[in-house]
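So the structure is just underneath, and the comments pick up after that.
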Amino acid sequence: MKQIIWSGVILLICMVILVGSIVQAEATNHNFWWQVIGMAIVTYGVGRYHMTQIKAFKKTNNK
């Protein structure tokens, strides 16, 4: 359960950074869009890991 909570916190942090990157790219330099693309890939990977953790937790608790 702790691992699910920590991965959820990290996913939330990644989403906040992603939104901040989008705002920064819109407001200032358009070269920041590369950062947005990279952060979107990282957020997707963390989200997949988080969902895998949830599915594994549900599978072990359903027995």
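A few remarks follow.
- Estimated purely from DSSP H runs of n ≥ 4, each contributing -39500 (n - 2.57), the mean residue ellipticity at 222 nm for the chain is -31500 deg cm²/dmol once divided by its residues.
- Rounded to 10°, Cα long-axis angle of helix 2-27 versus longest principal axis of the chain: 10
- Förster radius 22 Å - calculated FRET efficiency between M51 and V19, Cβ distance, rounded to 0.05: 0.65
- D_trans [Stokes-Einstein, Kirkwood Rh over alpha-carbon pairs] for the chain, 20 °C, 1.002 mPa s, µm² s⁻¹: 167
Just so you know, all these numbers are worked out from the coordinates, no wet-lab data involved. Since the structure is predicted, the reported quantities are computational estimates derived from the model, not experimental observations. Using ideal geometry, Cβ is built from the backbone for each residue, glycine included, and neighbour counts are taken over all protein chains shown.
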